[in-house]
Amino acid sequence: MLLAALNIIHQKHGPESLAWVSLTGIDIDRRCARMFPVQVLSGLFVHQFQLGELVSYRGNTLGDPAEWSTVCHYSRRDLPEQPKPADHPIVKKAVAEAIIKHTTNDTTGQLALF
């Protein structure tokens with residue numbers, strides 16, 4: 001059901017909207033509590049989407065939350081910044097600035113670019 005919810009958010013609001021979603025799953029079965037984050041994160045990885053947060057607990061939803069154990073806690077803020085593609089405006093500007101900065105008549109300045 002949670003994968004279907006992510007799919008609907010993606011269809012209605014685009015892939016960028018997933019970066020603002022916090023998803024929490026709770027299951028009493030240990031395997032299911034582990035399988036849920038693997039399915040979600042692998043789908044995000046394959047499609048190169050970002051998710052705001054993903055938390056998976058093992059526990060009884062009808063019981064005491066103090067007895068739940070955390071299986072997975074993923075947050076995009078914990079990840080290193082993703083590299084920008086070569087055609088991104090920031091990358092193009094940085095390359096242009098580096099060329100201007102290192103342009104000289106001697107070959108050592110030109111070789112410094114590489």
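Annotations
- Gain upon complete extension [Glu16, Leu62; 0.36 nm per residue less C-alpha separation]: 13.2 nm
- At the listed q of 0.11, 0.19, 0.22, 0.23 Å⁻¹, the Debye profile of the range 2-80, built from one uniform point per Cα, gives log10 I(q)/I(0) equal to -0.29, -0.80, -1.00, -1.06.
Just so you know, all these numbers are worked out from the coordinates, no wet-lab data involved. Bear in mind the structure is a predicted one, so any value in this text is a computation, not a measurement.
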